[in-house]
Every structure is written in structure tokens, then in C-alpha cells.
Amino acid sequence: RSVIEYVRGVNSSFILRVLLLRGLIERTTDPARPNAYRYQPSFALLRHLGVSAARELPEYQKFRDLIEKFKIGSPEVS
């Protein structure tokens, strides 16, 4: 959730809950941190958007790079 909030710039608890209830995202336990969750788009969301994989979404690589910077803790991220 912290990565999502970093990218969005706002608290994401409510929207994540709504998306989970609607079946548009899936939540799994993060293997690296057992007290955290990982979120990913569900097949229903991808089908609704007209794509077969998340990497086909617009600006996918831009946000993927941003997430990698967050994970590494790059000084470029503020």
C-alpha cells in the first residue's frame, strides 16, 4: 500500500477496499514482508480495460520505473 500511496500522493486505503470488494484487484501476502500485502489488477479489470496483461496499460513502464526507484530508495525520489 505504501508504494501505491507514494505514486498517487494520497491515502489509498478506501479506494483499495472498494476495488477489492468489486473484484477489480487481487491482494496477496508479500513474501518479503509478511505483515504487508501486494496488490495486482484482476483479470476482470484487465478485461474491462480491453487489455490482456498489465504491461499493455498506458504509461506502464513509467510507473514501473517509479516503483523500482521507490524500492531501491534512490535519492532521486522525493
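The values are calculated or read from the model by the stated rules, or taken from the named source; none is laboratory data. Keep in mind it's a predicted model, so treat the numbers as computed, not measured. Using ideal geometry, Cβ is built from the backbone for each residue, glycine included, and neighbour counts are taken over all protein chains shown. Areas reflect the complete protein model, heavy atoms only, side chains present, ligands, DNA and RNA absent. Shrake-Rupley method; radii C 1.70, N 1.55, O 1.52, S 1.80 Å.
Here are a few things to note about the model shown:
- Members of region 1-42 found to be open to solvent by less than 60 Å² (accessible area, probe 1.4 Å) and part of a strand (DSSP E or B), listed by number: I25, P41
- Qualifying residue in region 53-67 (condition: open to solvent by less than 60 Å² (accessible area, probe 1.4 Å), in contact (Cβ under 8 Å) with a residue 24 or more places away in the chain and either over 15 Å from the mean Cα position of the chain (by Cα) or at negative phi (or both)): yes
- Residue tally, condition in contact with a Gly (Cβ under 8 Å, 6 or more places away or on another chain) and either among the charged types (D, E, K, R) or under 19 Å from S12 (Cβ atoms) (or both), over region 23-44: 1
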